[in-house]
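We did not get these values from a lab; they are worked out from the coordinates using the rules stated. As the structure is a computational prediction, the values presented were derived from the model and not from experiment. Cβ: placed from backbone, ideal geometry, glycine included. Neighbour counts: every protein chain shown.
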Amino acid sequence: MNKNKIKKLEKLGFKITPFSEIRAKWMKDPEFKKAYLESAFEFEILKAIIRARAKQKLSQRELAEKIGVKQSALARFESGRTNPTLGFMKKVISGLGLKVIVK
């Protein structure tokens with residue numbers, strides 16, 4: 001969210017709390033911390049894919065059309081709400097011109 005939007009919301013009486021502060025509070029909960037750390041690998045992959053798509057200035061819709069999937073499926077994938085097949089991940093990664101290297 002950009003600074004202008006934040007200022008407008010604050011003028012309307014909304015309190016904007018950075019996610020880093022919220023996450024720090026949640027990390028004090030052992031169950032949350034365990035789940036968060038177990039998911040770190042998946043989220044790092046998703047962040048790299050989203051950054052690559054943004055860097056190429058592709059919308060979800062444009063990438064979805066390019067790789068032959070629905071935009072809603074790509075949105076679910078990027079949000080981490082779905083457990084994608086390797087085939088789906090291959091489509092997304094190939095569509096962005098990326099390679100996966102496992103070490």
The answer for trypsin sites (Lys or Arg not before Pro) in segment 1-65 that fall in a DSSP coil and have at most 15 neighbouring Cβ atoms within 10 Å is LYS15, LYS28, LYS57
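Using 0.36 nm per residue, how much length does the chain from LEU12 to GLU65 gain when fully extended, once their Cα-Cα distance is taken away?
Details: separation 53, 0.36 × 53 = 19.08 nm, distance 3.87 nm.
Between LEU12 and GLU65, full extension yields an extra 15.2 nm.
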Mean separation of Cα contacts under 8 Å (6+ apart) over length of the chain, as relative contact order %: 17 percent
Nearest 10 degrees, 0 to 90: what angle lies between the long axis of helix 86-95 and the longest principal axis of the chain (Cα atoms)? 90 degrees
Based on Cα positions only, what radius of gyration and what Dmax would you give for the chain, in angstroms? 17.0, 50
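Given the pairs LYS5/LYS55; LYS5/LYS47; LYS33/LYS91; LYS8/LYS66; LYS3/LYS25; LYS47/LYS99, which are separated by over 25 angstrom at their Cα positions? Don't skip to the end; give the middle numbers.
Working: LYS5/LYS55 23 Å; LYS5/LYS47 23 Å; LYS33/LYS91 32 Å; LYS8/LYS66 37 Å; LYS3/LYS25 23 Å; LYS47/LYS99 15 Å.
Listed pairs above 25 Å: LYS33/LYS91; LYS8/LYS66.
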Using label points projected 7 Å from each Cα along Cα→Cβ, tell me how many nm separate ARG51 and GLU21, to one decimal. 2.6 nm
